[in-house]
1. Kindly evaluate ALA237 against the criterion of being open to solvent by 30 Å² or more (accessible area, probe 1.4 Å), assigned to a loop (DSSP other than H, G, I, E, B), of a type in the set (Gly, Ala, Ser) and near ligand 1 (Cβ under 10 Å from one of its atoms).
2. Looking at region 223-232, which of the residues that are part of a loop (DSSP other than H, G, I, E, B) and without any contact (Cβ under 8 Å) to a residue 24 or more places away in the chain is nearest to THR246 (Cα to Cα)?
3. Where residues in region 260-279 are more than 15 Å from ligand 1 (Cβ to nearest atom) and assigned to a loop (DSSP other than H, G, I, E, B), which of them is farthest from the chain's Cα centre (by Cα)?
4. Among (1) open to solvent by less than 40 Å² (accessible area, probe 1.4 Å); (2) in a loop (DSSP other than H, G, I, E, B); (3) in contact with a Gly (Cβ under 8 Å, 6 or more places away or on another chain), which single condition is GLN108 missing?
5. Here are GLY162, GLY184: which of them is buried (at least 24 other Cβ atoms within 10 Å of the Cβ), at positive phi, in contact (Cβ under 8 Å) with a residue 60 or more places away in the chain and under 19 Å from the mean Cα position of the chain (by Cα)?
6. Quick one: which residue in GLY281, GLY189 is away from ligand 2 (no atom under 16 Å from the Cβ), small (Gly, Ala, Ser) and at negative phi?
7. In region 240-258, what residues are assigned to a strand (DSSP E or B) and not acidic (Asp, Glu)?
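The values are calculated or read from the model by the stated rules, or taken from the named source; none is laboratory data. Worth saying up front: this structure is predicted, and the values here are computed from it rather than measured. Positions of Cβ are generated from backbone atoms using ideal geometry, with glycine treated the same way; all protein chains shown enter the neighbour counts. For the accessible areas, the whole protein counts, side chains as well, though only heavy atoms, and no ligand, DNA or RNA atoms are used. Shrake-Rupley method; radii C 1.70, N 1.55, O 1.52, S 1.80 Å.
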Amino acid sequence: MTAHTTPALSVPSASAPFRQTTIERRDLRADDVRIDIAYAGICHSDIHQVREEWGTSPFPMVPGHEIAGVVSEVGESVTRYAVGDRVGVGCMVDSCGECEMCRADEEQFCTKGSVMTYAGEGYDGEITMGGYAGSVAVSERFVCRIPEGLGLDAAAPLLCAGITTYAPLKRWGAGPDARVAVIGMGGLGHMGVKIAAAMGAEVTVLSRTLAKAEDARAYGAAHQYSTKEEATFTELAGSFDLILNTVSADLPMEDYLALLKPFGAMVNVGIPNSPYSVPPGSVVGQSKVLAGSMIGGIAMTQEMLDFCAEHGIAATIETISADEVDAAYDKVVAGDVRYRYVIDVSTITPTD
Ligand code: NAP
Ligand code: ZN
């Protein structure tokens, strides 16, 4: 091994099983930190991309954009972090830093194109490799501090599932006077429930069954309904100020839009590969909003981590070893995870 070779879980081609191998990380640039990764969360987006559900993906692929670890080395111009700091990296690792969006702390919408943590093309032309690995080199601009009190394992999923729910809940006014519904209680959804409740909203969980009702209550939800029951849709018609849709599959939008109050907003963060089908009357009729939301900027990601620490919330996780990741993907798709798988990357044992 050279100094920058690190163990990694790599997929050689679409939907193939993971291989435990090694990859090379770059020499530190002046503003880079090297992070010894401890845990990487499994996001449903990893599965969409490994299985090419969003179109063609580059292979070999090392997924992982919910990264938590400890700084092991810093570049010469790094000012924000020191060796030993507990840090996280989310979905992005670079952006131009100069455009209107970057200056507004919305790097995810960089006009030059932000560089995704994996399966993205860096400004150097290299395809990025993500967090299912032993270490990573990242510009300090894309690193967040994990507050004391948050374990690295339960904090890792906050770097995607946390910010992806925090950003729209904040933007669309989840708070003491708001009735908020969260559709789907998976990795994103369970964080949406915890965060919306911590913001003071009255939270309703709309899940396919009531199997997660007890957990939903423990996370701060006031009500739980099964979306398989027709009565749910009559009882809750016109109820919500805000609906956060975290479902990874297609949904009958019209049925859910009918649950909003006039002027209410339904914000989609789930990214199924099918188009939305929305009769115009279901939004025009009562001046409703159908919106989307994409992760969040780095400053807001730090704000979210601090918010979670302050409110004593983090992801509910199941920790797995490297040889369990293929099976975990199938379980996530089957809805059989409570509520985020987190890989202990120290278990990656390269076989080649
Ligand atoms: P997940 O853990 O698999 O959770 C998705 C939840 O959706 C499931 O737990 C399930 O909840 C519900 N669901 C799944 N299949 C369904 C179906 N056929 N019909 C109805 N409900 C279904 O996934 P995740 O990691 O939270 O990600 C959710 C989605 O968000 C994915 O599409 C992912 O790519 C996307 N995402 C978007 C962003 C962004 O920036 N916008 C960031 C990260 C991820 P119940 O069992 O409670 O019904
Ligand atoms: Zn994600």
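1. Values: open to solvent by 30 Å² or more (accessible area, probe 1.4 Å): yes; assigned to a loop (DSSP other than H, G, I, E, B): yes; of a type in the set (Gly, Ala, Ser): yes; near ligand 1 (Cβ under 10 Å from one of its atoms): no.
No, not satisfied.
2. Looking at the filtered set, the residue picked out is LYS228.
3. PRO279
4. (2)
5. GLY184
6. Details: GLY189 fails: away from ligand 2 (no atom under 16 Å from the Cβ).
Unique residue meeting the criteria: GLY281.
7. PHE240, LEU242, ILE243, LEU244, ASN245
Every residue, every condition in (1) within 13 Å of ligand 1 (Cβ to nearest atom); (2) polar (S, T, N, Q); (3) closer than 16 Å to ILE243 by Cβ; (4) assigned to a helix (DSSP H, G or I), yes or no:
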residue: MET185; (1), (2), (3), (4): yes, no, yes, no
residue: VAL203; (1), (2), (3), (4): no, no, yes, no
residue: ALA211; (1), (2), (3), (4): yes, no, no, no
residue: ALA216; (1), (2), (3), (4): yes, no, yes, yes
